[in-house]
1. Go through Arg14, Arg93, Arg25 for me and flag whichever is of a type in the set (Lys, Arg), modelled with pLDDT of 95 or more and either closer than 23 Å to Pro128 by Cα or touching a Lys or Arg at 6+ places or on another chain (Cβ under 9 Å) (or both).
2. Condition first: closer than 18 Å to Gly55 by Cβ, part of a loop (DSSP other than H, G, I, E, B), open to solvent by 70 Å² or more (accessible area, probe 1.4 Å) and not aromatic (Phe, Trp, Tyr). Now tell me which residues in the stretch 68-127 satisfy that.
3. Under 8 Å between Cβ atoms, which residue pairs at least 6 apart in sequence (or on different chains) link something in the stretch 27-47 that is under 18 Å from Ile111 (Cα atoms) and touching a residue at least 40 places away in the same chain (Cβ under 8 Å) with a partner that is open to solvent by 30 Å² or more (accessible area, probe 1.4 Å) and hydroxyl-bearing (Ser, Thr, Tyr)?
4. Just to verify a result, which residue in the stretch 8-47, among those that are open to solvent by 60 Å² or more (accessible area, probe 1.4 Å) and β-branched (Val, Ile, Thr), is nearest to Asp148 (Cα to Cα)?
5. Report every pair of residues separated by at least 6 positions or lying on different chains whose Cβ atoms are under 8 Å apart, first residue within the stretch 78-96 and farther than 18 Å from Thr139 by Cβ, second among the hydroxyl-bearing types (Ser, Thr, Tyr) and in a helix (DSSP H, G or I).
6. Report yes if some residue within the stretch 48-62 is open to solvent by 80 Å² or more (accessible area, probe 1.4 Å), closer than 24 Å to Thr5 by Cα and in a loop (DSSP other than H, G, I, E, B); otherwise report no.
Amino acid sequence: MSQKTKIGIIICDRYRTCAGGKCFRALHNKQGAFSVYEGIDVELVGFTTCDGCPGGNIEHAPEEMKKNGAEIVHFATGMVVGYPPCPYIPHFRDFIHEKYGMKVVVGTHPIPEKYCKTHTALGTWDAPEWRELIGPTMTDEKTRLSYD
């Protein structure tokens, strides 16, 4: 691997006790939103919560991540699979990009199948903007099942 990319992950505060297992497994296996890093060495340089609605940590956490070399911030998959999904994602993404000049990717690990079924039945992600937001983490059923 010749290229190295440093990233940070921001998770929804509802999951503040999450140990990050699915995110770290997906990062290691280059699955879900991390599939774009195939063949690239990735270093995680920051991991924190948004600090709860309406995301007070969004204003400051990316700055620390950037000081640690992060070029890209990933919003954890929990921000789109929790119910309700985070309504602030577009605002957070635009703020981080504008203030820190960092790329923001919505998603980390593949969406687990159990969440896919629930949100599909509820029509949560039917709107075009949600289809775009879940795109990086919507994988095949076999992969989704392995993240249940």
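The values are calculated or read from the model by the stated rules, or taken from the named source; none is laboratory data. Quantities reported herein were computed from a predicted structural model and do not represent experimental measurements. Neighbour counts run over all protein chains shown; Cβ positions are idealised from the backbone, glycine included. These accessible areas exclude ligands, DNA and RNA; they are computed on the full protein's heavy atoms, side chains included. Shrake-Rupley method; radii C 1.70, N 1.55, O 1.52, S 1.80 Å.
1. Arg93
2. Pro84, Pro87
3. Pairs found: Gln31/Thr139; Gly32/Thr139.
4. Per the criteria, the residue is Thr17.
5. Sorted first by the residue in the stretch 78-96, then by its partner, the pairs are Gly82/Tyr15; Tyr83/Thr118.
6. Yes, that holds for at least one residue.
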